[in-house]
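Please read the structure below before turning to the comments.
The values are calculated or read from the model by the stated rules, or taken from the named source; none is laboratory data. Since the model is a prediction, treat every value here as computed from it, not as a measurement. Because the Cβ atoms are built from the backbone with ideal geometry, glycine has one as well, and the counts that use them run over all protein chains shown.
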Amino acid sequence: MKLKIAALIISTFAFLGPMQANAASVSLSLTLLGGQTPQATGVFQANLSGLGLTNLASISLTDDGGTSGSPGIWSGFDLAGIKLSHTDCSGMGMGSANCAAGLAGLNVNGDIFDFVNDVLFTPGTMDATGAPLAGPCLAGTSGVGCDFDNSIATLGDFDAIFDGVLGTFDGFLSLGRGGNISFNLTSLLALGGSTVYLYVGEVGNNGEKLTGSIEISDISIPAVPIPAAIWLFGTALIGFVGMSRRRKIT
């Protein structure tokens, strides 16, 4: 019986293993475009072509955990928006950021981003501060459960408004030190054929950069980590086999 259980568990890993083996992720480097939006948002660009991926399914951004930027609820990288487009704004000089802000962004089956259901946000830590609105939740979250709230962050547009004195912080999300956010696209985006550009907005354009990591992947980010799912499935199989054995003994 032990051999049968072991065989079942090995089969489970053999079945689920290829799901991970087929996944491909690519790290990106971003370039700050010239100028800034009227709301003082700096815009970074990355060319997604020629990176070895055929399709794009998800994008993940992670703060570097450093001490750049503002403290308190504004700790970590302040994400003002994210867009995908076939348009290259890098040659517009000091108007490049405004060019990116004016882009409609790609549209697949209604919308390439669903900023409500397909966002996985893990807030980072908050720096201590004596400024107003010091917490307990990061800017751009619900303020109750400290969960991502796109009705506040509005990450489909580079429309951030930041005023540390008056406490106005609509239109962006602060990741917190070491925080992470992942976006699953509503449909696979083919990266072959025409060039695709990623645009990421940073509030304030104060020199803060997304230097932690930014990755694109050809699979969606699971809400439950795959290793945890594997162990849960394996445990369920063991339990099932155990129940079958008891029935035979009875």
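A few comments on the model shown:
- In region 92-147, the residue that is modelled with the lowest pLDDT out of those that are closer than 15 Å to SER182 by Cα and among the aliphatic types (A, V, I, L, M) is VAL116.
- Residue in region 12-27 that is at pLDDT below 80 and in a loop (DSSP other than H, G, I, E, B) present: yes
- Listed by position, the strands (runs of 3 or more DSSP E) enclosed by region 46-126 include none that has at least 2 residues that are over 19 Å from SER194 (Cα atoms), of a type in the set (Val, Ile, Thr) and not assigned by TED's automatic domain parsing to the domain that holds ILE181.
- Condition check for SER75: touching a Lys or Arg at 6+ places or on another chain (Cβ under 6 Å) and within 29 Å of LEU138 (Cα to Cα): yes
- Condition check for CYS89: in contact with a helix residue (DSSP H, G or I) (Cβ under 6 Å, 6 or more places away or on another chain) and not hydroxyl-bearing (Ser, Thr, Tyr): yes
- Long-range neighbours under 7 Å by Cβ, at least six apart or interchain, first residue closer than 18 Å to ASP78 by Cα within region 36-52, second charged (D, E, K, R) and assigned to a strand (DSSP E or B): THR41/GLU202; GLY42/GLU202; PHE44/GLU202
- Within region 46-56, tally of residues that are crowded, with 19+ Cβ neighbours inside 10 Å and over 23 Å from SER90 (Cβ atoms): 0
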